[in-house]
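The values are calculated or read from the model by the stated rules, or taken from the named source; none is laboratory data. Predicted model, so just to flag it, every value in this text is computed and none were measured. Here the Cβ positions follow ideal geometry from the backbone for every residue, glycine too, while neighbour counts run over all protein chains shown. SASA here: full protein model, heavy atoms, side chains in, ligands and nucleic acids out. Shrake-Rupley method; radii C 1.70, N 1.55, O 1.52, S 1.80 Å.
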Amino acid sequence: MVSGTAVRSGPAERRGNGGWVFPDLVVEVAGPLACFTRPELKVERVSYPVMTPSAAVGVLESIFWKPEFRYVITAIEVLRPVEWSSVRRNEVKSVVSAGEVAALRKDPRRRYDVERDRDQRNAMLLRDVAYRIRAQIVLASHASGVAQEKYREQLRRRVDKGACFSQPFLGCREFSCDFRPATGLRPIDRDEELGVMLHSIVRPKSGGEEYRWFRAQLHGGVMEVPLQPLGPQQVAMPASGWRADAQGR
């Protein structure tokens with residue numbers, strides 16, 4: 001997670017471009033299908049109408065990643081009209097635990113029958129999508145003194161050549177996508193309130209994950225991603241399930 005003081009301190013506040021030293025890195029992605037699941041509708045998958053920042057980070061990291069830096073998404077532009085597709089899929093209902101795997105190894109007579117542990121579920125997917133991702137690079141604390149420009153140029157070269165560490169995908173691993181440098185395509189003309197969306201995932205040293213959220217809005221086909229997420233008291237996340245209900249509008 002990015003702290004505002006680390007990026008915007010001192011003269012950076014007067015530089016423009018949101019206080020960032022360098023212009024945004026820009027990568028365009030496109031694919032036939034995408035699903036950026038709304039957390040409050042986890043069982044029956046329903047996608048946000050726009051790519052989420054966490055999905056955009058995953059795409060960039062599949063193209064180029066180093067432990068010395070992390071990506072911060074500043075904006076996502078929608079380049080094609082939002083179109084929906086409803087699909088019914090067979091999905092496994094449960095996750096096999098480590099204890100069950102150990103028991104299966106010890107007793108060869110024991111069996112796990114996936115046919116008895118699956119169900120048909122509906123998914124509301126996006127089809128024929130294209131996005132322009134705008135991002136910045138923030139160096140890790142142990143990478144002080146390393147030239148940020150080196151990593152920025154490496155990402156650009158890999159995008160130009162179509163090189164990646166793993167195949168990028170749009171929300172679900174089966175929805176692979178293509179990527180390319182920025183083109184002259186203009187964002188669509190669409191304004192929409194998107195609700196509460198995942199901003200970033202923090203992994204404390206103590207273990208586990210902490211989720212950060214922001215109130216997403218689409219203006220002229222562009223979703224700006226704030227540097228700072230909503231505070232813990234501004235989003236209600238019941239322990240019994242995944243919900244994202246904004247408080248205190």
Q) Can you run phi through the Karplus equation (6.51, -1.76, 1.60; θ = phi - 60°) for the stretch 98-110 and list ³J(HN,Hα) in whole Hz, with x for Gly and Pro? A) 5, x, 5, 4, 5, 5, 5, 6, 6, 10, x, 7, 7
Q: Read phi for every residue in the stretch 204-219 and hand back ³J(HN,Hα) as whole Hz from Karplus 6.51 cos²θ - 1.76 cosθ + 1.60, θ = phi - 60°, with x for Gly and Pro.
A: x, 5, 6, x, x, 9, 10, 9, 10, 10, 8, 8, 8, 9, 10, 10
Q. Which of 174, 28, 210 moves the most in a Gaussian network model of the chain with Cα springs under 10 Å?
A. 210
(Q) For a quick check of your reading of the filter: which trypsin sites (Lys or Arg not before Pro) in the stretch 187-233 sit in a DSSP loop and have no more than 12 other Cβ atoms within 10 Å? (A) 205
Q: Go through the stretch 84-94 residue by residue and turn each phi into a ³J(HN,Hα) via Karplus (6.51, -1.76, 1.60, θ = phi - 60°); whole Hz please, and just put x for glycine and proline.
A: 10, 8, 9, 9, 9, 10, 7, 10, 6, 7, 9
**Q.** Ellipticity estimate at 222 nm from DSSP helix runs (n ≥ 4, -39,500 (n - 2.57)) divided over the chain, nearest 500
**A.** -4500 deg cm²/dmol
(Q) For a quick check of understanding: with a 1.4 angstrom probe and all protein chains in place, what accessible area in square angstrom does residue 185 have, to the nearest ten? (A) 80
(Q) Based on alpha-carbon atoms only, what is the radius of gyration of the stretch 68-110 relative to the globular estimate 2.2 N^0.38 Å? (A) 2.35
Q) If you bin the C-alpha pair distances of the stretch 14-73 every 10 Å from 0, what whole percents do you get? A) 17, 39, 31, 12, 1
Q | Residue-span extension gain [residue 154 to residue 233] - 0.36 nm each, minus C-alpha spacing | A | 24.5 nm
Q) How much of the accessible area of the chain, probe 1.4 Å, is carbon plus sulfur, in whole percent? A) 50
Q: Work out how much length residue 26 to residue 209 would gain on full extension: take 0.36 nm times their residue separation and subtract the Cα-Cα distance, in nm to one decimal.
A: 63.1 nm
Q. Mind checking which of 121, 158, 105 has the largest fluctuation in a GNM of the chain, springs on alpha carbons under 10 Å?
A. 105
Q) In what order, largest first, do 80, 116, 152 sit by accessible area if the probe radius is 1.4 Å? A) 116, 80, 152
Q. Along the three principal axes, how long is the chain when you take its alpha carbons, biggest first, rounded to the nearest angstrom?
A. 67, 46, 42
Q: Quick one: among 226, 108, 39, which has the greatest mean-square fluctuation in a GNM of the chain with alpha-carbon springs under 10 angstrom?
A: 108
Q) For residue 84 and residue 40 in one chain, what is 0.36 nm times their gap in residues minus the Cα-Cα distance, to one decimal in nm? A) 14.0 nm
Q.
Just to confirm the number: angle between the C-alpha axis of helix 53-63 and the first principal axis of the chain, 0 to 90 degrees, nearest 10?
A. 90
**Q.** Percent of beta bridges antiparallel (DSSP, the chain, rounded to nearest 5)
**A.** 95
Q | Amide H within-cut-off set for residue 128, under 5 Å, with H built and near neighbours excluded | A | 33
Q. With every protein chain in place, what's the accessible area of residue 149 (1.4 Å probe, Å², nearest 10)?
A. 100
Q.
What FRET efficiency comes out for residue 193 versus residue 121 if R0 is 25 angstrom and r is the Cβ-Cβ distance? Round to the nearest 0.05.
A. 0.40
**Q.** Euclidean distance between Cα centres, the stretch 155-175 to the stretch 202-236, Å
**A.** 24
